[in-house]
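Taking it in order: structure first as C-alpha cells, then the write-up.
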Amino acid sequence: MNQFAVPLMAGIGFLLDLLFGDPYWLPHPIRLIGVLILGLERLIRACLPKTRGWELFGGTLLVVFVVVFSGGIPLGILLLANWIHPWLFLAVGSVMCYQLLAARSLKKESMKVCERLLACDLSGAREAVSMIVGRDTERLSEEGIAKAAVETVAENASDGVLAPLFYMALGGPVLGFFYKAVNTMDSMVGYKNEQYLYFGRAAARLDDVCNFIPARLSAWLMILASWLLGLDGRGAFRIYRRDRRNHSSPNSAQTESVCAGALGVELAGDAWYFGVLQKKKTIGEAKRPVVPGDIRLANRLMYGTAVLGLLVFGGLSVLIYGIWI
C-alpha cells in the first residue's frame, strides 16, 4: 500500500456516498453492528446480576467485544483482498469507506422533513423527524420540527461525515469502522436513563473521547465553510466561541453552535425524551424563527464542511503514510 491508497479510498468512498447514499435494499454493515450490539446486550444482561457494579462491567464488556469484532472483521477482509491483488484492496477499501459515510442519507432524510413542512403536513413532518432524532416529536410545533431537523444535520455533520473521514485518514476503513462501532453503541445504549445509566456509561465515555478532536476540527471547518458559502461567518465564529459548551455532551454543541450562528437562529433548548422534559441551554440567538428552508441551508453547510474535511484530512493522510511508508 502506498501513501495515496488510504486518501484514495476515502475520496472514492465520499464520491460514492455523494452519488448513491445508503440504498435501503442493501444490507449495511452499520446495521449489522447494531444487531451485534443488541444481541450482546441481551446475552450480557442475562448472564450478569442487575447491580450497579455488574452493569458497569457488562457495559465495558460490550464495548470491548463490539470494537474488536467491528475492527477485526474489516481488517481480515482487507488483508485477504490485498493478498489477492492491490487493486482489489483499493476497491474493497473504497466500498468500506463509502459505507462509513452518511452525508447523502442525512440530507435525504432531513429534506423529507422540509418537504412535509412546506406541504403543510404537520403530522407527516413529525413522523419524518422522528426517524432522525431521539426526542419525543408528538408535541413539536412547525418551528420545533424544523429546529430539530437543523440540529440533527448540524450535529451529524461531525458524527456522520467529518469524524469518519478523520479516522479513515488516520487508519483507513479499519479505524473508521472502529469509530462507527463506538458511535453506534453510544446511540443505542448511551442514554442517561434507568435502563442505561450504568450499562451504557463505558460506551458514552468512549464516544466522548473519540469525538473530542473531530468535533472541534469539524466546527472550525464549518466556520470556514460558512464564509465560503456566503452565510454569516462572523456570526458562526462568535456563537461558536460563546455557546460551544452549551450542551451536556462535550462535543455536540461544537458544530451546532457554528450552524446556529451561520444561520442566525436559536437551536437546542428544552426537549421531551421518553415522556420526560429535559431542561437544556439554548444555542445561538433567536434573530428570527427557524423555518423549513433552514434545513436546506444546514445541508448546504454540511456538504461544504465535508468537502473541506475531505481535502484537509486527505492531505493529512498523505503526510502520515508518506512518513511511515
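The values are calculated or read from the model by the stated rules, or taken from the named source; none is laboratory data. No experiment lies behind these values; they were computed from the predicted model shown. Here the Cβ is made from the backbone with ideal geometry for all residues, glycine too, and neighbour counts use every protein chain on show. All accessible areas refer to the heavy atoms of the entire protein, side chains included, with ligands and DNA or RNA removed. Shrake-Rupley method; radii C 1.70, N 1.55, O 1.52, S 1.80 Å.
Some notes on this structure:
- Subset of the range 238-255 that is assigned to a loop (DSSP other than H, G, I, E, B) and hydroxyl-bearing (Ser, Thr, Tyr) - its residue that is surrounded by the fewest Cβ atoms within 10 Å (Cβ to Cβ): Ser248
- The combined condition, being part of a helix (DSSP H, G or I) and open to solvent by less than 20 Å² (accessible area, probe 1.4 Å), is not fulfilled by Ser123.
- Within the range 70-91, considering residues that are β-branched (Val, Ile, Thr) and within 28 Å of the chain's Cα centre (by Cα), the one farthest from Thr184 (Cα to Cα): Ile77
- For beta carbons closer than 8 Å, sequence separation of 6+ or different chains, a first residue in the range 199-225 that is closer than 12 Å to Met302 by Cα and a second that is buried (at least 20 other Cβ atoms within 10 Å of the Cβ) and among the charged types (D, E, K, R), the qualifying pairs are Ala219/Arg244.
- Looking across the range 22-60, the residues that are aromatic (Phe, Trp, Tyr) and over 25 Å from the mean Cα position of the chain (by Cα) come down to Trp54, Phe57.
- Answer residue from the range 127-151, given it is among the charged types (D, E, K, R) and farther than 30 Å from Ser317 by Cα and is surrounded by the fewest Cβ atoms within 10 Å (Cβ to Cβ) among those: Glu138
- If the condition is being open to solvent by 10 Å² or more (accessible area, probe 1.4 Å) and of a type outside the set (A, V, I, L, M), then the range 152-176 contributes Thr152, Glu155, Asn156, Asp159, Phe166, Tyr167, Gly171.
- The range 61-104: number of residues that are among the polar types (S, T, N, Q) and surrounded by fewer than 19 Cβ atoms within 10 Å (Cβ to Cβ): 1
- Test set (1) open to solvent by 30 Å² or more (accessible area, probe 1.4 Å); (2) more than 19 Å from Phe313 (Cβ to Cβ); (3) within 22 Å of the chain's Cα centre (by Cα) - Phe212 fails condition number: (2)
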